[in-house]
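Asks: Here it is, the structure in full.
A short reminder: the numbers here are calculations on the coordinates, not readings from a lab. If you're wondering where the values come from, they're calculated on a predicted model, not measured in any experiment. In this analysis, Cβ positions are derived from the backbone assuming ideal geometry, glycine residues included, and neighbour counts consider all displayed protein chains.
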Amino acid sequence: GEAGVILLAIFAGLPLPVTAAQILWVNTVTAVTLALALAFEAPERGVMAHAPRPVNEAIVTGALARRILFVVLLMVAATFGVFNWELARGSSLETARTAAVNMIVVSEMFYLFNVRRFTDHAFRLETLTGNRMAVLVLAILVVLQLLFTYAPTLQLLFHSVPLDAASWGLILLLGALLFWISQLLTGAA
């Protein structure tokens with residue numbers, strides 16, 4: 001999703017919704033936290049009853065590639081949507097970029113719940129409560145994003161600025177929509 005945002009902006013000749021330093025921030029905080037959450041994921045029910053993958057099958061199958069592309073497109077649309085919405089309502093470029101960075105991170109946080117299970121759907125309480133490490137890691141990620149947005153030192157380093165309630169409302173709404181749409185269209189049922 002991050003690469004898609006940058007590529008679209010470059011190819012369309014648009015202002016970059018995120019700076020290089022901000023992408024570095026996103027990569028640093030999400031790669032460590034979200035990977036850690038999945039590392040502690042328990043196996044799915046009946047995992048040993050599934051037939052093994054054929055040895056000549058690619059790791060990224062056509063169906064998985066379509067799912068990845070679909071989710072990337074959702075993340076890019078949400079990020080550009082938030083970025084352009086901020087600019088349209090008269091916010092500064094720094095505000096629009098801060099919102100875009102938070103949209104990327106929130107999208108990845110919501111998507112974590114889609115990928116916790118490969119065959120089971122995510123519309124269940126266990127999705128939110130079944131992995132205490134995922135909940136802890138998400139809490140840490142929320143704190144890191146709040147620091148990115150509101151801590152003066154990080155604001156100076158990353159050119160971030162405080163966001164208002166309307167910005168957070170839109171970011172959280174789009175993150176939840178990404179979860180629901182990606183689950184409905186690509187998740188197991």
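Asks: For Leu184 paired with Ala20, estimate the spin-label separation in nm (one decimal), with each label point 7 Å from Cα along the Cα-to-Cβ line.
Replies: It works out to 4.1 nm between the two label points.
Asks: Here is a follow-up. Suppose R0 equals 30 Å; then what is the FRET efficiency for Ala12 and Val143 from their Cβ-Cβ distance, rounded to the nearest 0.05? Don't skip to the end; give the middle numbers.
Replies: Values: r = 34 Å, r/R0 = 1.14.
E(calc), rounded to 0.05, equals 0.30.
Asks: Hey, rough spin-label estimate for Glu94 and His159, points 7 angstrom out along Cα→Cβ, what's it come to in nanometres?
Replies: Here the answer is 1.0 nm between the modelled labels.
Asks: In a Debye calculation with equal point scatterers on the alpha-carbon sites of region 67-111 and no solvent, what is log10 I(q)/I(0) at q = 0.19, 0.26 Å⁻¹?
Replies: Normalising to I(0) and taking log10 leaves -0.54, -0.84.
Asks: If you don't mind, there's one more thing I want to ask. If each residue of separation counts as 0.36 nm, what is the full-extension length gain between Asn27 and Ala77 once their alpha-carbon separation is subtracted? Write down the numbers at each step before the final one.
Replies: Details: separation 50, 0.36 × 50 = 18.00 nm, distance 1.91 nm.
Gain on extension, Asn27 to Ala77, equals 16.1 nm.
Asks: Moving to a separate point now. Step through the residues of region 88-93 one at a time and calculate ³J(HN,Hα) from phi using the Karplus curve (6.51 cos²θ - 1.76 cosθ + 1.60, θ = phi - 60°), rounding each to whole Hz and writing x for Gly and Pro.
Replies: Each residue's phi maps through the Karplus curve to give 5, 8, x, 6, 6, 4 Hz.
Asks: Each residue of region 152-158 in order: what ³J(HN,Hα) in whole Hz does its phi give by Karplus 6.51 cos²θ - 1.76 cosθ + 1.60, θ = phi - 60°, with x for Gly and Pro?
Replies: So the J values, rounded to whole Hz, are x, 5, 6, 4, 5, 5, 10.
Asks: What ³J(HN,Hα) values, in whole Hz, does the Karplus curve 6.51 cos²θ - 1.76 cosθ + 1.60 give for region 12-25 when θ = phi - 60°, with x put for Gly and Pro?
Replies: 8, x, 9, x, 5, x, 9, 8, 4, 5, 5, 5, 4, 4
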